[in-house]
Amino acid sequence: MNADIPETALRAMLDEALRVNNAKSEFLAHTSHELRTPLNAIIGFAELLQIKASGRLDPRERGYLDDIIQAAFHLQAVIQGILDFSRLEAGKWPLVEEPARLAETVEASLRLVRKQAESKRIALSHRADPALRVLADPTKLRQICTNLLSNAVKFTKPGGTIRVDAGEDADGPYIRVADSGVGMSAEDIVRAQKPYMRVADNPFVARESGIGLGLPIAKALTELHGGTLEIQSAPGEGTRVTMRLPATRRLA
Ligand SMILES: Nc1ncnc2c1ncn2[C@@H]1O[C@H](COP(=O)(O)OP(=O)(O)O)[C@@H](O)[C@H]1O
Ligand SMILES: [Mg+2]
C-alpha cells in the first residue's frame, strides 16, 4: 500500500472496486436469466418434437434433434453455473436449512452421473450411513456432491473407478468422492479452486468440456454451511475430495 495516497482517495478506490464488482454480479445474474428463458423454450419444443414427430423423421434427422437437446442441456448447465456463482459472490443465495440425510444426497447425485459413468465403463461404488442426519440445505448439498461426482467421472479415464463415502468421524459429517483419474499437482489443486480456472496444460482436461466453476461453487456452498472442502490428489494417482460439515450440524 502506498503511504502517499490519502485515505479518502483509497476509500474512493475501494468504493469504486466494490461498485464494479457488484455491477458485474448483477450483470451476470440478469444475463443468465435472460438466456435461460429462450433456452427453456428450445429444450421444451425439441423434446415435444421428439415425442410427437419422431416417427416422421429419418434416423439422421432424429440424430439432429438429439444434438439440439444435448447442446441445449449443456448450455443450460453452463448458464446455471454462472448464475449460481454470481449469486454466491453477491451473497444472495441463502441457506434453506432442514434435516437432511447424506445418504439421500449421495444417491440423488449418483443417479445424475450413472449413465455417463457407464458409458465410460467407470465402476461406481458407494457406502453411506442411512441413519446419518444433518441440519443443512439439501439442494445445496446435492449440488456440491453432483459437482464433485461429475468431475470424478469427467477426469477419470475409461475403465477407472469412483468411490463415494458418506459418514462421520471426530471432525464431523462428510461426503468423500475418490476417483482413479488423472489427478492434480499441488499447484493445480490451488488453481482448480479459483473461478474459471482449469488445469489446462493437461491434454486430457483440455479435451473435456467445462468452464471451471464446479469446484469453486462446491467450495463456496460448503463454506456457506461453515464446512470445508479438502482436496488430496497427485498427478496420475487419482483425486480425493472431502466435503466436511461442522460437527455441530450433526442431528441425533
Ligand atoms: N476429480 C478430479 N480429477 C482431476 N482433476 C480435477 C478433478 N476435479 C477437478 N479437477 C481439475 O480442476 C479444474 C476445475 O474443476 P471445475 O471447477 O469443476 O471445472 P470444470 O469441471 O468445468 O473443468 C478442472 O478443469 C480440472 O482440471
Ligand atoms: Mg466440474
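Worth pointing out:
- Residues within segment 1-31 that are polar (S, T, N, Q) and touching a Lys or Arg at 6+ places or on another chain (Cβ under 9 Å), tallied: 1
- Out of ARG191, ARG142, ARG163, one residue alone is among the charged types (D, E, K, R), more than 14 Å from ligand 2 (Cβ to nearest atom) and more than 22 Å from GLN76 (Cβ to Cβ). It is ARG163.
- Cβ-Cβ contacts under 9 Å between residues 6 or more apart (or on different chains), taken from a first residue in segment 208-225 that is not assigned by TED's automatic domain parsing to the domain that holds VAL78 and within 9 Å of ligand 1 (Cβ to nearest atom) to a second residue that is in a loop (DSSP other than H, G, I, E, B) and basic (Lys, Arg), are listed as GLU208/ARG198; GLY210/ARG198; ILE211/ARG198; GLY212/LYS194; GLY212/ARG198; LEU215/LYS194; PRO216/LYS194.
- Taking the numbered list (1) within 8 Å of ligand 1 (Cβ to nearest atom); (2) touching a helix residue (DSSP H, G or I) at 6+ places or on another chain (Cβ under 8 Å) in turn, GLY238 passes all entries but (2).
- Index of the failed condition, GLU168 passing every other in (1) near ligand 1 (Cβ under 7 Å from one of its atoms); (2) surrounded by fewer than 19 Cβ atoms within 10 Å (Cβ to Cβ); (3) within 28 Å of ARG249 (Cβ to Cβ): (1)
- From the options ASN40, ASN22, residue that is farther than 28 Å from LEU112 by Cβ and either assigned by TED's automatic domain parsing to the domain that holds TYR196 or surrounded by 11 or more Cβ atoms within 10 Å (Cβ to Cβ) (or both): ASN22
The values are calculated or read from the model by the stated rules, or taken from the named source; none is laboratory data. Please read all numbers here as calculations on a predicted model, not as lab measurements. Neighbour counts run over all protein chains shown; Cβ positions are idealised from the backbone, glycine included.
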